[in-house]
């Protein structure tokens, strides 16, 4: 299994990027509860330990993560949030006041599994605080990765310069070289 791709600059785009295209085939990096748990651990979107949940809770969390991911992609690429709101409809929480300065009010759930789902939803839904014009798909037509453009110029085009950006620059260079050779 390839490593997770952390090129999205936001938990929402990073979650959507768990279904990359590899060798022309869509790959699900969150194919089972164990990989969902690994992604949640690496993403640091929650303090709830996935491994501490029962196997049944892990399966339910994994199902929620898949539904949230699919609905987020639709919302981010097409600007429609109905499916996303349907996914969120089943989650319940209450506002809770804390004495922690960086989180004076938090959304609390009744169980660790529910808290994990709420934490993930809160972290990913934060993307809607950003201008939607800065949530983009990689300019490589065969790449499906999304990113939040936080560059100073606001003109980022590639999911990652080391992969898609470098391939595009290399292809452009070779095309120019072929054109120059043909002209001489």
Assertion target for 81, 87, 65, ordered by fewest C-beta neighbours within 10 angstrom first, is 81, 87, 65
Roughly what would the spin-label model give for residue 101 and residue 70, points 7 Å off Cα along C-beta, in nm? 4.4
Listed residues 107, 95, 148; largest mean-square fluctuation, Gaussian network over the chain with Cα springs below 10 Å, found at 95
To the nearest 0.05, what FRET efficiency results for residue 108 and residue 130 with a Förster distance of 25 Å applied to their C-beta separation? 0.45
Which length gain, in nm to one decimal place, applies between residue 22 and residue 89 when the Cα-Cα distance is subtracted from 0.36 nm times their residue separation? 20.8 nm
For the chain, the longest principal axis of the Cα atoms and the Cα long axis of helix 55-78 enclose an angle in degrees, to the nearest 10, of 50
Normalised by the number of residues in the chain, what is the relative contact order in percent for Cα pairs under 8 Å and 6+ residues apart? 24
Run the numbers for residue 139 and residue 157: contour at 0.36 nm per residue of separation, minus the present Cα-Cα distance, in nm. 5.9 nm
Using Cα springs under 10 Å in a Gaussian network model of the chain, which residue among 52, 109, 38 shows the largest mean-square fluctuation? 52
Segment 4-109: relative contact order from alpha carbon pairs under 8 Å, six or more residues apart, as a whole percent, is 16
Tell me the mean residue ellipticity at 222 nm calculated for the chain from its helices only (DSSP H runs of n ≥ 4, each -39500 (n - 2.57), averaged over every residue, nearest 500). -14000 deg cm²/dmol
Expressed in angstrom and rounded, the centroid-to-centroid distance over alpha carbons for segment 1-73 and segment 102-151 is 12
Nearest 10 degrees is fine. How inclined is helix 112-125 to the longest principal axis of the chain, computing both from alpha carbons? 40
Which value in nm describes the separation of the simple spin-label points at residue 31 and residue 59, placed 7 Å from the Cα toward the beta carbon? 1.9
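The numbers here are math on the coordinates, done by the rules we state, and not lab data. Small disclaimer: the values here were computed from a predicted structure and weren't measured. A quick note on method: Cβ atoms are made from the backbone with ideal geometry, for glycine too, and the neighbour counts reach across all protein chains shown.
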